[in-house]
1. Regarding the range 151-160, can at least one residue be identified that is without any contact (Cβ under 8 Å) to a residue 24 or more places away in the chain and closer than 19 Å to Tyr47 by Cβ?
2. In the range 26-51, how many are among the hydrophobic types (A, V, I, L, M, F, W, C), surrounded by fewer than 19 Cβ atoms within 10 Å (Cβ to Cβ) and either more than 18 Å from the chain's Cα centre (by Cα) or more than 13 Å from Phe96 (Cα to Cα) (or both)?
3. If you scan the range 161-185, which residues turn out to be of a type in the set (Val, Ile, Thr), free of Cβ contacts under 8 Å to residues at least 60 places away in the same chain and touching a helix residue (DSSP H, G or I) at 6+ places or on another chain (Cβ under 8 Å)?
4. Kindly check whether there is at least one residue in the range 56-63 that is over 29 Å from Cys142 (Cα atoms), surrounded by 18 or more Cβ atoms within 10 Å (Cβ to Cβ), over 16 Å from the mean Cα position of the chain (by Cα) and not charged (D, E, K, R).
5. For the range 105-121, which positions are under 17 Å from Ala157 (Cα atoms) and either touching a Cys at 6+ places or on another chain (Cβ under 9 Å) or in contact (Cβ under 8 Å) with a residue 40 or more places away in the chain (or both)?
6. Can you find, within the range 101-115, the residue that is nearest to Leu42 (Cα to Cα) among those that are small (Gly, Ala, Ser) and crowded, with 18+ Cβ neighbours inside 10 Å?
7. Within the range 1-60, can you find the residues that are at pLDDT 85 or above, under 20 Å from Arg74 (Cβ atoms) and outside any helix (DSSP H, G or I)?
8. Among the listed residues Leu102, Leu192, Leu174, which satisfies the condition of being part of a helix (DSSP H, G or I) and farther than 26 Å from Ile57 by Cβ?
Amino acid sequence: MALRESLYPKFEPAIAKIVAFLSAQGISPNQLTFAGAALNFLTGIIYAKGFLFLGGIMLLVAGLGDLLDGPLARATGKTSPFGAFLDSSVDRYSDFFIFAGLAVFFVRGGDIFWFIVSLGILLGTFAVSYTKARAENFIKHCGVGMFGRAERIFILAAGTIFFPLLKLSLLVLLIGTHVNAVQRILHAKKTLEEAPKS
């Protein structure tokens, strides 16, 4: 079970109150999506400047936008295929901002290995997203694996807030994202092979 699905029910009452407040202020789901992206852009700058603890806190705050825009859309009756598409697209920009910021941090410190690791994670995050999106053109569901966006944010935030865990968290993300992408490829292959032939 993905982190979002396992944690969401535990915080649902609090989330409902926040969503009701946002709705009363006239805030739309798309505005929340773009606000989250703006905070992630700021997070990337903070990481690039070497303020990793602050960046980790900002990353968690920005993650609230990603957590709340869906419930807000449902509560306000503004769910739409375009809204889901926009949210997913903006998330890819947010991923770039975050890991590009880390990559700059490592380059500034002359640590080329971890710069390359950061780029590898960025590639992995895009591969996880792309394999799901592309596979679901042919099969109903391909959200398998344990390295969705919520999990990636949590692992990276933990690594930057608790600095001794940073390099371990980056290695976990590097391996985990690419393994997850392969899982989705294999899941799509198996599902398509088992589908009734027309």
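1. yes
2. Within the range 26-51, residues that are among the hydrophobic types (A, V, I, L, M, F, W, C), surrounded by fewer than 19 Cβ atoms within 10 Å (Cβ to Cβ) and either more than 18 Å from the chain's Cα centre (by Cα) or more than 13 Å from Phe96 (Cα to Cα) (or both) number 4.
3. Val172, Thr177, Ile185
4. No: zero hits.
5. Phe105, Trp114, Val117, Ser118, Ile121
6. Filtering first and then ranking leaves Gly101.
7. Listed by number, the residues that qualify are Gln25, Gly26, Ile27, Ser28.
8. Leu192
The values are calculated or read from the model by the stated rules, or taken from the named source; none is laboratory data. The model shown is predicted, which means the values in this text are computed figures rather than measured ones. Please note: Cβ atoms are built from the backbone with ideal geometry, for glycine as well, and neighbour counts cover all protein chains shown.
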